[in-house]
Amino acid sequence: MRNIRKGDEVIVITGKDKGRRGTVTRVDGDRVFVENINIVKRHQKGNPNPEKRVPGGIVEKEMPLHISNVMLFNSVTQKGDRVGVKKLEDGRRVRIFRSNKEVVDV
């Protein structure tokens, strides 16, 4: 079971965007894409192609962060928190915050 999933609110714990919060838009293995975090400017080579909606020049783009550089945001404590897995009585496995044992998944 993954500790961080698409749609989770996370806080960046290291790097140039340290302390910023955002929503996970995509998880690729050990990399996560967070909305409006780790934005870089890429120089798009060649001519712009309006048919394929490819802009030319300098383009801003989201880049992935390593999953170890983000923590799940706990709204109760207003901090990043570690995540554990707990098995319920009905056999389901749910994620819990380590600090206050509150269930993340509903």
_Within the stretch 44-102, tally of residues that are surrounded by 13 or more Cβ atoms within 10 Å (Cβ to Cβ), closer than 23 Å to ASP17 by Cβ and charged (D, E, K, R)_ = 2
_Pick from the stretch 16-34, criterion acidic (Asp, Glu) and loosely packed, with under 14 Cβ neighbours inside 10 Å, ranking: farthest from ASP81 (Cα to Cα)_ = ASP28
*For VAL59, state whether it is part of a strand (DSSP E or B), modelled with pLDDT under 95 and either of a type in the set (A, V, I, L, M, F, W, C) or touching a Cys at 6+ places or on another chain (Cβ under 8 Å) (or both).*
yes
*ILE13 closer than 19 Å to VAL83 by Cβ, in contact with a helix residue (DSSP H, G or I) (Cβ under 7 Å, 6 or more places away or on another chain), in contact (Cβ under 8 Å) with a residue 40 or more places away in the chain and not charged (D, E, K, R)*: yes
*Starting from residues that are acidic (Asp, Glu) and touching a strand residue (DSSP E or B) at 6+ places or on another chain (Cβ under 7 Å), keep the ones in the stretch 34-87 and report whichever is nearest to VAL24 (Cα to Cα).*
GLU35
*Scanning the stretch 83-95 for residues that are touching a residue at least 40 places away in the same chain (Cβ under 8 Å) and not hydrophobic (A, V, I, L, M, F, W, C), which turns out farthest from GLU9 (Cα to Cα)?*
ARG93
_strands (runs of 3 or more DSSP E) contained in the stretch 1-54 and holding at least 1 residues under 8 Å from the mean Cα position of the chain (by Cα), among the small types (Gly, Ala, Ser) and modelled with pLDDT of 95 or more_ = 21-28
*asked:* Just checking, does the stretch 67-79 include any residue being among the small types (Gly, Ala, Ser) and not in a strand (DSSP E or B)?
replied: yes
*asked:* Take the conditions in a strand (DSSP E or B) and either modelled with pLDDT under 95 or on the phi < 0 side of the Ramachandran plot (or both) and apply them to VAL85. Does it pass?
replied: yes
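The values are calculated or read from the model by the stated rules, or taken from the named source; none is laboratory data. Just so you know, these numbers come straight off a predicted model, no measurement behind them. Note: ideal-geometry Cβ built from the backbone for every residue, glycine included; neighbour counts use all protein chains shown.
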